[in-house]
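The values are calculated or read from the model by the stated rules, or taken from the named source; none is laboratory data. Everything quoted here is computed from the prediction, not taken from an experiment. Note: ideal-geometry Cβ built from the backbone for every residue, glycine included; neighbour counts use all protein chains shown. Note: areas computed on protein heavy atoms with side chains; ligands, DNA, RNA excluded. Shrake-Rupley method; radii C 1.70, N 1.55, O 1.52, S 1.80 Å.
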Amino acid sequence: MANNWITPAAFKTGIEEVAPKVYAYVQAYGELGVSNAGLLVDKEGVMAVDALMVPSMTKRFLESIKKVTKKPVTKLVNTHHHIDHSGGNFLFRDAEIV
């Protein structure tokens, strides 16, 4: 069975569980820069990894999170300071940003 998901033409924007309570948010190829994000859910709360580049991307990510859990995002971890990872930070209003 081929791993077609790794080819750009097959990318689909959305959230996918990659391990129990661990999610990858992958943006479709052709978006304004391809940056991805992550989500970890436990009984204590929810932690997002990276906030993407622009508000429209971050809003779609936040909507996807609501499909996975009703818990609020309490922590946001930026892997680094580049805009494609931190541009949407301000939309995580109630989260501690690390």
When every residue in segment 52-98 that is out of contact with any Leu (no Cβ under 9 Å at 6 or more places or on another chain) and among the acidic types (Asp, Glu) is compared, the one modelled with the highest pLDDT is Glu63
In segment 63-84, residues that are open to solvent by less than 100 Å² (accessible area, probe 1.4 Å) and in contact with a strand residue (DSSP E or B) (Cβ under 8 Å, 6 or more places away or on another chain) total 13
